[in-house]
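The values are calculated or read from the model by the stated rules, or taken from the named source; none is laboratory data. Keep in mind that what you see is a predicted model, and the values were worked out from it rather than measured. Neighbour counts run over all protein chains shown; Cβ positions are idealised from the backbone, glycine included. For the accessible areas, the whole protein counts, side chains as well, though only heavy atoms, and no ligand, DNA or RNA atoms are used. Shrake-Rupley method; radii C 1.70, N 1.55, O 1.52, S 1.80 Å.
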Amino acid sequence: MNYKIFLSLLFFLPVSFAYAEIIETYTIKADSVCSGENSLMVISGHEMPQLLGARVDQLSLLSLLHNKRQMIVFQIDQKDSQGRFILSKKSLDNSAASNIMGDHDELVFRKKDLGEHLQPSSELFKRYSLIEIEVISESGDSAVKKASGWIYIALHSAILEKTNPDFKQQNKLLIYEPEEDTVISPVYKIGFSKDQPFLLDAFHWRLPDRAEWSHDVTDKMKIRHIGKFLGFPFKRTDDDYYSQLVDIKAGPLRIIRRTENKVKVFWKLKSPALYIDYVMLPDGFIMNSMIDIPFKISFFFSGLQTLTTMDWNHAPELPELSIKSVKGNLTLPVNGQPSDDKDAFNQIAGREFSLSSKPGRFAVKLDIPDDFPIHSQLYLRDALHEIDLPENYPGQFGNVGFKTTGWENIDSKLHHLKFTVCVDRT
């Protein structure tokens, strides 16, 4: 009997005193989209081959902070082979959501949750099979690499569900209110148009006391198309769009919101469907337009230009605004009055600008793929006496964004055109 007990003890000893098993280590260069307090890190599945095929609901994220184990709130957003999110129903190519981690799927967590390196002798992560990820970033403009920190992925163990099933709910950074179609973050509250849900039409800063919101600082987001159709000039505004909200995924760190849109071409003729995903972040958002035209545009259109802008609210209770372009070395006051410097702003072939006020700052960037043959320049109309119908209020106040040209040259494959907006309180 004693011999059997001794053998049993030998069997259990390796489990009871085993240290963390690091089954794979990856060193990944990653930069957060924005740089706020709650900025996110995104790692694609193909960068972590050992994770491919793992059950998503059996993963946990851990880090070591001040020599203590920390649970990390995270989410995994699945994508199809063309880089389109698979949301609550299915992908745009009809592929269904899966519970298995794939090459194109994205692991999302907060940059601030990166921790210290787990030493081989540590007993803090006993009993787990771990994938170790060292996340590095470049320091400044040099090629010197600086270690940002480590995270650990525990396989085959949904630790959070066992220890605290409400952990993600308690630590979520974003709230979606479906009735109002509003997203709330630690920094902002954004609302979308009821009639044209692909357009943002309200932005409120969270005030320093965190209990109240600022006035709505926006007037209207605008999209204008100008060019010729079969040789005849035309202009299309957002009033010529048909738009509907078709899908949404509300995770704790990112909210992905998809609209299906068509624009009137001539009489009852509409364009093919254009899908736009808003990827809402704790400190900003990405507007991802998925452009897939099944014919050559130049057969019907020429001289196409698109203006994508935000017109700001002109009200005495709102703080002063200024617009800056680093490339043009210009900082301009938004006061509703035209100037030579504002005309010069419109000549800048750029893809970035920022808008600042006392509550906070917007940093705006347009990402154009290398194989997408359109060109961008900055656009600004700051003239209260000019009418730009259709509009909520007369005049244009800091109506700023991008003018893109060359649309007639695009081919018939899928392209992703992304506007990235990062916000931060000043």
For segment 71-81, what are the residues that are over 17 Å from Lys249 (Cα atoms) and either surrounded by 19 or more Cβ atoms within 10 Å (Cβ to Cβ) or at pLDDT 90 or above (or both)? Ile72
Name the residue that is farthest from Ile131 (Cα to Cα), counting only residues in segment 1-55 that are of a type in the set (Val, Ile, Thr) and either modelled with pLDDT under 90 or touching a helix residue (DSSP H, G or I) at 6+ places or on another chain (Cβ under 8 Å) (or both). Ile5
Could you grab me the full set of residues in segment 251-266 that are touching a residue at least 60 places away in the same chain (Cβ under 8 Å) and acidic (Asp, Glu)? none
Scanning segment 179-191 for residues that are buried (at least 19 other Cβ atoms within 10 Å of the Cβ) and touching a residue at least 60 places away in the same chain (Cβ under 8 Å) gives Val183, Ser185, Val187, Tyr188, Ile190
Tell me which residues, restricted to segment 352-371, are small (Gly, Ala, Ser), part of a strand (DSSP E or B) and under 23 Å from Leu384 (Cα atoms). Ser354, Ser356
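Just checking, how many residues over segment 197-213 are in a loop (DSSP other than H, G, I, E, B) and open to solvent by 20 Å² or more (accessible area, probe 1.4 Å)?
The initial filter retains those residues of segment 197-213 that are in a loop (DSSP other than H, G, I, E, B), namely 197-199, 207-212.
Retained after the next criterion (residues that are open to solvent by 20 Å² or more (accessible area, probe 1.4 Å)): 207-212.
The number of residues fulfilling the criteria is 6.
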Just checking, does segment 375-391 include any residue being surrounded by fewer than 18 Cβ atoms within 10 Å (Cβ to Cβ), closer than 21 Å to Phe85 by Cα and within 26 Å of the chain's Cα centre (by Cα)? no
Consider segment 88-140. How many of its residues are at pLDDT below 90 and either part of a loop (DSSP other than H, G, I, E, B) or among the acidic types (Asp, Glu) (or both)? 24
Those residues of segment 214-223 which are open to solvent by 30 Å² or more (accessible area, probe 1.4 Å) and assigned to a strand (DSSP E or B) amount to Lys220
(1) among the β-branched types (Val, Ile, Thr); (2) within 30 Å of Lys168 (Cα to Cα); (3) open to solvent by 50 Å² or more (accessible area, probe 1.4 Å) all hold for Ile226 apart from (2)
Between Thr237, Thr182, Thr259, which is polar (S, T, N, Q) and more than 23 Å from the chain's Cα centre (by Cα)? Thr237
